[in-house]
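Notes follow the structure.
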Amino acid sequence: MSRKSERLVNLTIALLATKRYLTKAEIFKNVSGYSGDAEAKDRMFERDKDDLRSLGITIELGSFDPLFEDEAGYRIKPESYALQLKNLDATSIALLSKAGKMWREAALGQSAQSGLRKLRSVGINSDLESVIELTTSSQSAPEQLSDLIEAITSRQVITFEYLNKDLASEVRKVNPYRLSNSLGYWYLIAWDLEKLALRTFRLDRFISSVKLSGRNNSFEVDVELLNSHDLEQIGENSDAVLLVRKGKAPALRNEGVISEHDSEWDRVNLQYQSSKQILRELLWAGDNVIILEPEELRNKLITSLKEVIAHHV
Amino acid sequence: MSNQSAPIQEVSRLLDLVPFLSTHSHISLKELAGEFGISEKAMASELTALSMCGLPGYTPYELIEIYFESGFVTINNHDALDIPRALTQLEVASLLIGLELMRDAAVDGDSALLEKIDSLIVEMKSLTGDAISISDNPMTAFQAVIESAIARRRSLSLEYQSPIRNEISTREVDPLSLRSEKAHIYLVTFCHSAKAIREFRLDRVVEVKEIENSNFTPASVDSQSGDKHSIQLKVTGDRRAIAEALSITEIPANGEVEVEIYSPEWMTKAVLAHAPYMELVENAQLRSEITRSAENILALYPS
């Protein structure tokens with residue numbers, strides 16, 4: 001046990017128990033563990049504040065009396081220190097316990113466990129019977145997830161290596177905005193500091209861990225831009241008209257509006273964003289689909305297939 | 001959490017120990033150590049440290065009192081710290097994500113319970129803002145069963161809702177892989193009744209069950225669907241998309257890769273889907289199959 005952790009606990013107790021702001025001088029005089037000259041104590045105190053902040057403890061800076069220019073002081077407001085969740089009962093504790101057990105890997109699992117410990121110290125027994133019907137499959141999350149959550153919540157710039165379209169590694173530097181999970185993939189939506197645009201990154205394409213720049217609050221989230229941003233982030237919608245063989249290509253049918261064409265084919269109207277992606281899907285459906293419009297897409301398909309034949313004859 | 005230094009993690013435990021002991025009086029040292037994920041010895045030394053902490057003054061009146069009575073721990077004089085601590089962002093996030101995945105998997109559950117999950121999610125979300133979001137995840141419900149069956153080569157019984165016939169049918173399949181295309185995930189299988197490779201869109205799968213004592217091997221799949229295939233490919237573009245489709249992580253600069261495949265049908269489709277960036281080297285039979293399939297599609301576009 002180091003002196004440092006005792007000092008941090010003592011500092012927390014003193015700042016929590018006080019009803020008024022404590023000046024630095026009072027802290028150094030009364031809280032056990034501050035030693036050395038004034039400068040050394042100052043440095044120690046600054047580090048301690050950062051350390052407590054990293055534990056989610058906010059030290060408030062204020063003054064005794066707004067009418068006088070007193071020396072500012074410090075305290076921790078019990079309401080900011082205390083567990084935020086209200087109305088916890090045995091069922092909600094049980095639900096959260098189950099939720100916390102879903103993580104297979106260390107990083108998120110650890111924070112889920114430390115979170116659960118706090119919940120258990122409320123002293124409400126968990127009613128596991130009430131949630132017995134819920135099944136949990138253990139989830140595996142990308143190793144970068146916990147660092148990304150930290151970077152997003154503390155608003156730190158990050159760098160990481162990312163696989164580009166040519167499968168080459170690229171270093172990206174971004175302001176991380178939002179994490180999102182969709183259909184089994186994790187996405188990071190972030191402001192790319194080199195491309196100066198919002199970009200979506202898939203976490204399974206990260207090929208390094210995430211480096212945090214270390215400075216908190218180094219950017220503001222552009223909420224309006226973020227909310228207008230589509231996960232797939234491509235461009236405007238284009239319309240395609242297809243003929244799809246009856247009973248075939250269910251994926252395409254599901255995305256479009258189907259109408260009768262003849263006894264063999266249905267007509268499917270659908271919208272797409274990336275011509276590359278839709279082409280891949282149409283080719284996957286093979287000879288069960290005919291592109292009527294747009295002509296550009298139709299030509300692209302014909303050229304690509306002619307190339308394939310040339311490669312394989 | 002993970003990248004915090006040892007003293008900081010200690011502080012975190014010490015602060016959490018106080019309210020925990022307050023509501024778990026006379027807990028055994030063993031249980032307490034287990035709860036905090038450290039050894040009994042380390043826990044004993046942390047409890048000793050805690051008893052050195054207290055209010056300024058640090059006389060016996062101000063220090064936290066810890067009692068060990070034949071292996072059981074009690075705390076006293078700890079009012080200032082007797083507050084369950086706020087969850088950190090990372091703690092909120094890991095619990096919130098767990099809750100959301102759990103709710104996704106429990107679509108048909110008891111509605112009162114689902115309501116309870118939803119209201120917890122709302123409360124947890126108010127603590128993180130919009131930083132993290134989980135959208136509907138058809139993967140979740142059957143993901144674990146399917147992934148484990150693929151890994152252990154167990155056959156599955158699928159109840160599948162056919163969108164065309166608008167009916168639910170049951171199929172027995174050997175699950176080979178999961179493939180994602182745009183917003184959907186497909187389970188690629190060798191279907192026992194069709195005796196061929198069939199894909200099932202995961203959000204149309206109604207029920208999945210592992211078939212007891214089943215055990216298929218790639219060889220058994222191959223014996224039913226053709227030869228065993230080690231395939232030489234040349235990749236000339238779209239490298240990331242192709243690597244992801246083939247479940248490989250690297251493609252050398254010259255674009256030449258060798259992959260093992262279960263199904264020539266699948267390979268043909270994949271070459272066409274990534275046209276014109278994937279080229280099959282050698283394997284005359286499959287090459288002519290690819291050419292034939294491409295010509296079949298082109299025949300639909302008479303010039």
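The values are calculated or read from the model by the stated rules, or taken from the named source; none is laboratory data. Only a predicted model underlies this, so the values are computations on that prediction, with no experimental measurement involved. In this analysis, Cβ positions are derived from the backbone assuming ideal geometry, glycine residues included, and neighbour counts consider all displayed protein chains.
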Go through (1) surrounded by 20 or more Cβ atoms within 10 Å (Cβ to Cβ); (2) farther than 24 Å from B:Glu199 by Cα; (3) of a type in the set (Gly, Ala, Ser) for B:Ala253 and report which single condition fails. (1)
In the range A:230-243, which residue that is within 12 Å of chain B (Cβ to nearest Cβ) and more than 14 Å from A:Ile278 (Cα to Cα) is modelled with the lowest pLDDT? A:Leu231
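Looking at the range B:25-70 only, could you name the residues that are among the acidic types (Asp, Glu) and either within 35 Å of the chain's Cα centre (by Cα) or modelled with pLDDT under 90 (or both)? Can you show your working first?
In the first step, residues of the range B:25-70 are kept if they are among the acidic types (Asp, Glu); the result is B:31, B:35, B:40, B:46, B:62, B:65, B:69.
Hits for the range B:25-70 are B:Glu31, B:Glu35, B:Glu40, B:Glu62, B:Glu69.
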Filter result (farther than 14 Å from A:Leu163 by Cβ and modelled with pLDDT under 85) within the range B:248-266: B:Glu260, B:Ile261, B:Tyr262, B:Ser263, B:Pro264, B:Glu265, B:Trp266
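Looking at the range A:257-279, is at least one residue crowded, with 19+ Cβ neighbours inside 10 Å, under 29 Å from the mean Cα position of the chain (by Cα), within 12 Å of chain B (Cβ to nearest Cβ) and not β-branched (Val, Ile, Thr)?
Here is the first cut: in the range A:257-279, the residues crowded, with 19+ Cβ neighbours inside 10 Å are A:266, A:268, A:270, A:272, A:278-279.
From what is left, the residues that are under 29 Å from the mean Cα position of the chain (by Cα) are A:272, A:278.
If we keep only those that are within 12 Å of chain B (Cβ to nearest Cβ) as well, we get A:272, A:278.
Subsequent filtering for residues that are not β-branched (Val, Ile, Thr) retains A:272.
Among the residues of the range A:257-279, at least one is crowded, with 19+ Cβ neighbours inside 10 Å, under 29 Å from the mean Cα position of the chain (by Cα), within 12 Å of chain B (Cβ to nearest Cβ) and not β-branched (Val, Ile, Thr), which makes the answer yes.
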Just to be sure, is B:Ala112 within 33 Å of the chain's Cα centre (by Cα), within 27 Å of A:Leu11 (Cβ to Cβ) and without any contact (Cβ under 8 Å) to a residue 40 or more places away in the chain? no
Test: residue in the range A:21-42 that is in a helix (DSSP H, G or I), within 11 Å of chain B (Cβ to nearest Cβ) and either within 26 Å of B:Ala93 (Cβ to Cβ) or touching a residue at least 60 places away in the same chain (Cβ under 8 Å) (or both): no
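Looking only at the range A:282-297, count every residue that is within 7 Å of another protein chain (Cβ to nearest Cβ) and either farther than 21 Å from B:Leu233 by Cα or outside any helix (DSSP H, G or I) (or both) and tell me the total.
If we filter the range A:282-297 for residues that are within 7 Å of another protein chain (Cβ to nearest Cβ), which is where we start, we get A:283-284, A:286-287, A:290.
Next, only the ones that are either farther than 21 Å from B:Leu233 by Cα or outside any helix (DSSP H, G or I) (or both) stay: A:287, A:290.
Summing the residues that are within 7 Å of another protein chain (Cβ to nearest Cβ) and either farther than 21 Å from B:Leu233 by Cα or outside any helix (DSSP H, G or I) (or both) in the range A:282-297 gives 2.
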Residue check, B:Ala219 against (1) modelled with pLDDT of 80 or more; (2) more than 14 Å from chain A (Cβ to nearest Cβ); (3) not in a strand (DSSP E or B), all met but one. Which one? (1)
Filter result (touching a helix residue (DSSP H, G or I) at 6+ places or on another chain (Cβ under 7 Å) and on the phi < 0 side of the Ramachandran plot) within the range A:31-50: A:Val31, A:Ser32, A:Tyr34, A:Lys41, A:Phe45, A:Asp48
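Tell me whether the range A:233-255 contains one or more residues that are under 23 Å from the mean Cα position of the chain (by Cα) and over 28 Å from B:Arg198 (Cα atoms). It would help to see each step written out before you state the result.
Quick first cut of the range A:233-255, residues under 23 Å from the mean Cα position of the chain (by Cα) only: A:233-234.
Adding the requirement that they be over 28 Å from B:Arg198 (Cα atoms) leaves A:233-234.
Checked the range A:233-255: at least one residue is under 23 Å from the mean Cα position of the chain (by Cα) and over 28 Å from B:Arg198 (Cα atoms).
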Restricting attention to the range B:158-178, which residues are at pLDDT 80 or above and within 14 Å of chain A (Cβ to nearest Cβ)? B:Tyr160, B:Ser177
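Within the range B:10-18, is even one residue over 17 Å from A:Val9 (Cα atoms) and more than 7 Å from chain A (Cβ to nearest Cβ)? Give the steps one after another, and end with the answer.
Within the range B:10-18, the first condition is being over 17 Å from A:Val9 (Cα atoms), and the residues that meet it are none.
Scanning the range B:10-18, I find no residue that is over 17 Å from A:Val9 (Cα atoms) and more than 7 Å from chain A (Cβ to nearest Cβ), so the answer is no.
For A:Leu55, are the conditions met, namely being of a type in the set (A, V, I, L, M) and modelled with pLDDT of 90 or more?
Values: of a type in the set (A, V, I, L, M): yes; modelled with pLDDT of 90 or more: no.
So A:Leu55 does not fit the description; no.
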Among (1) in a strand (DSSP E or B); (2) without any contact (Cβ under 8 Å) to a residue 40 or more places away in the chain, where does A:Ser263 come up short? (1)
Those residues of the range B:248-303 which are among the acidic types (Asp, Glu) and part of a helix (DSSP H, G or I) amount to B:Glu265, B:Glu289, B:Glu295
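For the structure I just gave you, tell me whether A:Leu167 is over 12 Å from the mean Cα position of the chain (by Cα), without any contact (Cβ under 8 Å) to a residue 12 or more places away in the chain and buried (at least 18 other Cβ atoms within 10 Å of the Cβ). Can you show your working first?
Numbers: over 12 Å from the mean Cα position of the chain (by Cα): yes; without any contact (Cβ under 8 Å) to a residue 12 or more places away in the chain: yes; buried (at least 18 other Cβ atoms within 10 Å of the Cβ): yes.
So A:Leu167 passes the test.
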Every listed condition ((1) at pLDDT 85 or above; (2) farther than 27 Å from A:Glu150 by Cβ; (3) not small (Gly, Ala, Ser)) holds for B:Leu120 save (2)
Within the range A:173-186, the residues that are in contact (Cβ under 8 Å) with a residue 12 or more places away in the chain and surrounded by fewer than 20 Cβ atoms within 10 Å (Cβ to Cβ) are A:Lys173, A:Ser180, A:Ser182, A:Tyr185
Search the range A:5-25 for residues being touching a Ser or Thr at 6+ places or on another chain (Cβ under 9 Å) and surrounded by fewer than 21 Cβ atoms within 10 Å (Cβ to Cβ), and hand back the single one that is nearest to A:Asp51 (Cα to Cα). A:Glu6
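Answer yes or no as to whether A:Asp48 is modelled with pLDDT of 90 or more, outside the structural domain of A:Thr153 (by TED's automatic domain parsing), among the acidic types (Asp, Glu) and closer than 23 Å to B:Leu17 by Cβ. Before the answer, list the steps.
Working: modelled with pLDDT of 90 or more: yes; outside the structural domain of A:Thr153 (by TED's automatic domain parsing): yes; among the acidic types (Asp, Glu): yes; closer than 23 Å to B:Leu17 by Cβ: yes.
Spelling it out, A:Asp48 is indeed modelled with pLDDT of 90 or more, outside the structural domain of A:Thr153 (by TED's automatic domain parsing), among the acidic types (Asp, Glu) and closer than 23 Å to B:Leu17 by Cβ.
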Here is a list: A:Glu194, A:Glu150. Which entry is facing another protein chain (nearest Cβ under 10 Å) and of a type in the set (Asp, Glu)? A:Glu150
If we ask which residues in the range A:261-280 are modelled with pLDDT under 85 and among the acidic types (Asp, Glu), their number turns out to be 0
From the residues in the range B:259-299 that are within 8 Å of chain A (Cβ to nearest Cβ) and surrounded by fewer than 17 Cβ atoms within 10 Å (Cβ to Cβ), which one is nearest to B:Ile150 (Cα to Cα)? B:Ser288
I need a count of the residues in the range A:25-61 that are farther than 22 Å from B:Arg13 by Cβ, over 37 Å from the mean Cα position of the chain (by Cα) and not aromatic (Phe, Trp, Tyr). 12
